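Read through the structure below, which is laid out as C-alpha cells, and then see the notes.
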Amino acid sequence: MNIGTIHFYNRSFPPEIRLEKESRALIKEGHKITVLTQNILASEIQFEQYEKNFNIFRAQIRRPRLLAWIISRFTFINKEYIPALRHFIEEYKPDVLHVHDFNQIPTVLKVAKAYDIPVVADLHENMPAALLAFRSKYNLIKKILHAILYNYHLWRYQQARYLPQCAGVLVVVSEAADVLIELGVPPEKIIIICNTEDETTFNIKPEQADQEIIDKYNNYWTISYVGGFSAERGLDTVINALPLVRNDIPNLKLVVVGAVDNESKQIYSRASKINVKDMIEVVGWQPFSMVNSFVMASQICLVPHNEFEHTHTTVPHKLFQYMICSKPVLVSNCRPLQRIVEDAQSGVVFRANDVRDLADKLIYMYNNPAALKEMGFNGKAAALDKYAWRNEAKKLVKFYAGLSKESQDQEARN
C-alpha cells in the first residue's frame, strides 16, 4: 500500500521514534511511506527521500488568526491544514492516511471522505488525560483558561464521535484500549502497538558508551532520570526523597538528562530548598547517542510517574531502552509500568507520589547489588523476547495486510 502518514506537530520531523519504527516495519513488508509534516525550519527542504520508500513532504502551514484558532479548540477542525492535506492526497495518491495523534483526526477524516480514503488513528497518548495532567501545576488563571480551551469532556466526546469512523485505532497499552472501548470504539478496531524496542531499533553496546561520562560517575551510586519535566513525570517525588536516603546512600548522585535552562533552574531551586543540591546534576539536552552513555553510567534508571489517569494508560519508550541496556529500573505503580516490570522481573515498584516508599526502595536497591544484577539480566532478556519490537511490528503488518485486502476487495466489487 501507499501509506500517507500525517505528522502535524509544532516541531520538525525527523525525529519521531514511534513513527519511524512503524514506518520501517511496514516498508520491510513492501509498503511505501510518505510523511506529510510541517515546514518548521528555514533550512528544511520541501521534499526529501529519507530512506528507500520512505519520503517526507513538508508543507507550509499558515498560522490561523486568533479567533479561528479558538474556534478550532471546540470544533476540532483545523482549517489551516486542509489545503496541504488536499495537495498531498492529489500529489501522492495515498491508499490510506495514517494519522499520528487525535488532534488532527477530525480534520483528516473531513478531507479523506471526499477522496474515499480510509483513515488510521495512531494515538501516542491518552491525550484528554494528558491535558489534565499537564495543567495540574498551572496557576489558577492559566488552569481555568486551559480547562476551557482543552476541555477533557469535549475531547472525550469528540473521540467517541470520530474514532469509530476510522479504519483502525492504534494505542500503546491495553489500559488505553479499555478507555476507548468504554467510549464506544469497537474493540475489533483497536490494535495495541506498544512502545517497545529490540536489536533492530535500539542496538546499544556498553563499549559504545562515552568513556569520559562513565569515568565521571565512577565514584557515585548513580541513578538517572531521562525525559520531560511536566507534572505527571514524577521527578518531584524523586527529588523530595533524596533527604531521606542521604545517610543510607552517601554517594548517591541523581543525574537528570534533558532539561532546558528554565527547567534546570527550577530543579536546582527545589533541591537547594531541601539541601540536596549536591546530590543532583542536571544535564541539558543531549544527542540520543550521548543519552545512552548516561544510562550506561547508572546503577539504576527511573520512570517515577506520578498518579494520573494519563500515567495509568501509557508507557514510555525509555523503559524498554533501559531494559535493553541491562539496567534495573525503579518505577511507580502506575498500571502499565507495574504490569511490565513485575512480569519481566526487571526492577522495583514504589507507590506513586509516595516519597517515603520511593526512598525505602532506593535503599533496598543500594543494599542488594546482586539482586540489581539479576534484574538487569531479566530486563534485557524480556526486552529482546516477550517485549521486543518485532512482536509489535508483526501486529502492525498484519493489520495493514487486512486493510490492503479490504481495499482490493472493494475495488473488485466496484
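3J(HN,Hα) couplings calculated from phi for the stretch 196-205 with the Karplus curve 6.51 cos²θ - 1.76 cosθ + 1.60 (θ = phi - 60°) are, in sequence order, 7, 9, 6, 4, 7, 10, 8, 9, 10, 10 Hz; Gly and Pro show x.
Here's how it looks for I190: its modeled amide H is under 5 Å from those of V169, which are all 5 or more places away or on a different chain. Per-residue Cβ neighbour counts within 10 Å put K277, K79 in the sequence K79, K277, beginning with the fewest. Among beta bridges identified by DSSP and lying wholly in the chain, the antiparallel ones come to about 10 percent.
When the pairs K253/K380; K137/K361; K253/K327; K205/K361; K52/K189 are compared against a 20 Å limit on Cα-Cα distance, K253/K380; K137/K361; K205/K361; K52/K189 fall above it.
The length gained on full extension between R161 and K398, counted as 0.36 nm times the residue separation minus their Cα-Cα distance, comes to 82.7 nm. Multiplying the residue separation of E90 and D261 by 0.36 nm and removing their Cα-Cα distance gives an extension gain of 57.2 nm. In terms of the Cα gyration tensor, with a ≥ b ≥ c the square roots of its eigenvalues, is the stretch 206-383 rounded because a/c is under 1.5, prolate because a/b exceeds b/c, or oblate? Since a/c stays below 1.5, the shape of the stretch 206-383 is classed as rounded.
If a paramagnetic tag sat 7 Å from the Cα of Q286 along the Cα-Cβ line, which residues of the stretch 221-260 would have the backbone N under 17 Å from that point? Only 221-229, 253-260 pass the distance filter. Helix 261-273 and the longest principal axis of the Cα set of the chain meet at an angle near 30°.
Helix 389-413 and the longest principal axis of the Cα set of the chain meet at an angle near 10°. Straight-line cross-link reach from K21 at under 15 Å between alpha-carbon atoms covers these aspartates and glutamates, not counting any fewer than eight positions away in the same chain: E29, E51, D122, E197, D198, E199, E392.
Going by neighbour counts of Cβ atoms within 10 Å, the residues L358, L66 line up, fewest first, as L66, L358. The order of D210, D198, D385, going from fewest to most other C-beta atoms within 10 Å of their C-beta, is D385, D210, D198. Using a simple spin-label model with pseudo-atoms 7 Å out from Cα toward Cβ, L183 and A381 lie 3.9 nm apart.
Placing a label point 7 Å from the Cα of I274 along the Cα-to-Cβ line, the residues of the stretch 286-307 whose backbone N sits under 20 Å from it are 300-307. Annotation: amide H-H contacts under 5 Å for I280 (H modelled 1.01 Å from N, sequence separation of 5 or more, or interchain): L254.
Taken together, the values in this text are just the output of simple stated rules run on the coordinates, not laboratory data. Nothing here was measured: the structure is a model prediction, and the numbers come from that model. All Cβ positions, even for glycine, are placed from backbone atoms using ideal geometry, and neighbour counts span all protein chains on display.
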